[in-house]
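See structure below.
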Amino acid sequence: MYKGNINLDILPEHIAIVMDGNGRWAKQKGFDRIFGHTNGINTVRQITEAAAEVGIKYLTLYTFSTENWNRPQEEIHGIMKLLVESIEKESETFRKNNVRLLAIGDLLRLPEDVNKKLQTCIAETSSNTGLSLVLALSYSSRWEITNAIKNIAKDCLSGKIDDIGLIDETVISDYLTTRNIPDPDIVIRTGGDIRISNFLLWQAAYAEFFFTKTYWPEFTKDEFFRIISEFQNRERRFGKTSEQIKSTKN
Ligand code: FPP
């Protein structure tokens with residue numbers, strides 16, 4: 001079955017987005033960076049609704065990176081304030097749209113009130129069965145992988161893992177903050193830069209990448225749907241040959 005150009009029978013399960021370009025968008029219009037983030041929230045709402053509408057199961061948004069802690073205090077404070085306000089404001093939308101909120105990252109580094117609001121919303125939406133909206137907060141892959149290695153080492157020392165030979169890719173995935181979340185099929189980056197910026201390095205091993213020049217506040221549902229449709233026309237080979245892929249399809 002089709003919705004526009006999207007084949008609903010072969011939907012990507014997980015789409016991850018680097019929401020870049022808020023600051024430049026605001027500057028271009030003569031406003032301060034926070035104005036860009038405030039407008040970015042409208043795009044978050046539209047894309048969340050669009051993802052839920054077609055039946056995407058996981059949408060991960062790179063909301064605040066480990067490196068973002070180095071931004072001016074005023075901007076950090078502004079983003080944290082926006083986060084609390086949005087979580088509060090959108091709780092009802094989550095309930096109505098059957099959205100489950102999740103978060104990945106070093107959440108203990110967040111201001112206490114932000115983490116508290118977040119945890120409350122996560123608990124309140126935990127039984128929703130539609131889209132899982134995953135906010136990456138105080139997140140970076142190198143932080144996450146370092147943390148996983150420390151925890152694996154700890155479990156080796158305590159004897160919980162008693163055979164190093166048993167540490168495989170599944171075990172490593174289980175020590176990441178994304179445990180229980182499938183790997184992303186699509187990674188989108190808005191804002192014109194072509195880089196990954198410490199985002200889902202392990203998980204995106206076989207993701208399809210899409211880079212757009214559109215600044216995040218101007219990213220639309222139409223462009224999002226166009227990307228999904230283009231994804232559906234790409235051949236994912238996972239290291240195999242095109243012939244092998246075609247023969248398993250038939
Ligand atoms: C990147 O643009 C964007 C951020 C670091 C913050 C994004 C946060 C929001 C849109 C608010 C999120 C709220 C919810 C509820 C998910 P940039 O500042 O790096 O832009 P630039 O590259 O143009 O400077």
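Computed values, structure above
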{"item": "Sparse-neighbour loop sites [chymotrypsin sites (Phe, Trp or Tyr not before Pro); segment 121-210; at most 16 other C-beta within 10 Å; DSSP]", "result": "202, 206"}
{"item": "Over segment 115-250: Rg over Rh, Cα atoms, Kirkwood Rh", "result": "1.02"}
{"item": "Percent accessible area from carbon and sulfur atoms, the chain, protein chains only, probe 1.4 Å", "result": "51"}
{"item": "Phi to ³J(HN,Hα) by Karplus 6.51 cos²θ - 1.76 cosθ + 1.60 over segment 226-238, Hz, x for Gly, Pro", "result": "4, 5, 4, 5, 5, 4, 5, 9, 8, 9, 8, 9, 6"}
{"item": "Sparse-neighbourhood loop sites, trypsin sites (Lys or Arg not before Pro) in segment 1-58 - DSSP loop, at most 13 other Cβ within 10 angstrom", "result": "29"}
{"item": "Using distinct alpha-carbon pairs, which all enter the 1/r mean, Kirkwood radius of segment 1-52 in Å", "result": "13.0"}
{"item": "Estimated dipole of the chain in Debye, rounded to 20 [Cβ of Lys and Arg +1, of Asp and Glu -1, Cα centre]", "result": "400"}
{"item": "Residue 237/residue 169 FRET efficiency (R0 25 Å; Cβ-Cβ; nearest 0.05)", "result": "0.85"}
{"item": "Whole-Hz couplings from phi, Karplus 6.51/-1.76/1.60, listed for segment 21-37; x for Gly and Pro", "result": "x, 4, x, 5, 4, 5, 4, 4, 9, x, 10, 7, 4, 4, 4, x, 5"}
{"item": "Spread of Cα-to-Cα distances over 5 Å intervals beginning at zero, given as percent, for the chain", "result": "1, 6, 12, 16, 18, 17, 13, 8, 5, 3, 1, 0"}
{"item": "Inter-probe distance in nm under a simple model that places probes 7 Å from Cα toward Cβ, at residue 206 and residue 230", "result": "2.2"}
{"item": "Amide H within-cut-off set for residue 100, under 5 Å, with H built and near neighbours excluded", "result": "130, 131, 132, 133"}
{"item": "Rounded accessible area per residue of the chain, 1.4 Å, Å²", "result": "55"}
{"item": "Estimated dipole of segment 147-215 in Debye, rounded to 20 [Cβ of Lys and Arg +1, of Asp and Glu -1, Cα centre]", "result": "420"}
{"item": "Dipole-positive endmost among 126, 138, 111 within segment 40-146 (Cβ charges, Cα centre)", "result": "126"}
{"item": "Where trypsin sites (Lys or Arg not before Pro) fall in DSSP loop in segment 89-183, at most 12 other Cβ within 10 Å", "result": "160, 179"}
{"item": "Where 194, 10, 41 fall by accessible area, highest first, once all protein chains stay in place (1.4 Å)", "result": "194, 10, 41"}
{"item": "20 °C / 1.002 mPa s Stokes-Einstein diffusion coefficient of segment 99-159, Kirkwood radius on C-alpha pairs, µm²/s", "result": "163"}
{"item": "Pairs beyond 27 Å (Cα-Cα), from 57/89; 29/96; 81/150; 57/160; 3/240", "result": "29/96; 81/150; 57/160; 3/240"}
{"item": "Computed FRET value (nearest 0.05) for residue 9 with residue 77, which takes r as the C-beta separation and R₀ as 41 Å", "result": "0.35"}
{"item": "Whole-Å distance, taken between Cα centres, linking segment 74-88 and segment 100-176", "result": "22"}
{"item": "Theoretical FRET efficiency, 1/(1+(r/R0)^6), r = Cβ-Cβ of residue 154 and residue 195, R0 35 Å, to 0.05", "result": "0.60"}
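The values are calculated or read from the model by the stated rules, or taken from the named source; none is laboratory data. No experiment lies behind these values; they were computed from the predicted model shown. Every residue, glycine among them, receives a Cβ derived from its backbone with ideal geometry; neighbour counts consider all protein chains shown. Remember, those area values only see protein heavy atoms, side chains included, never the ligands or the DNA or RNA. Shrake-Rupley method; radii C 1.70, N 1.55, O 1.52, S 1.80 Å.
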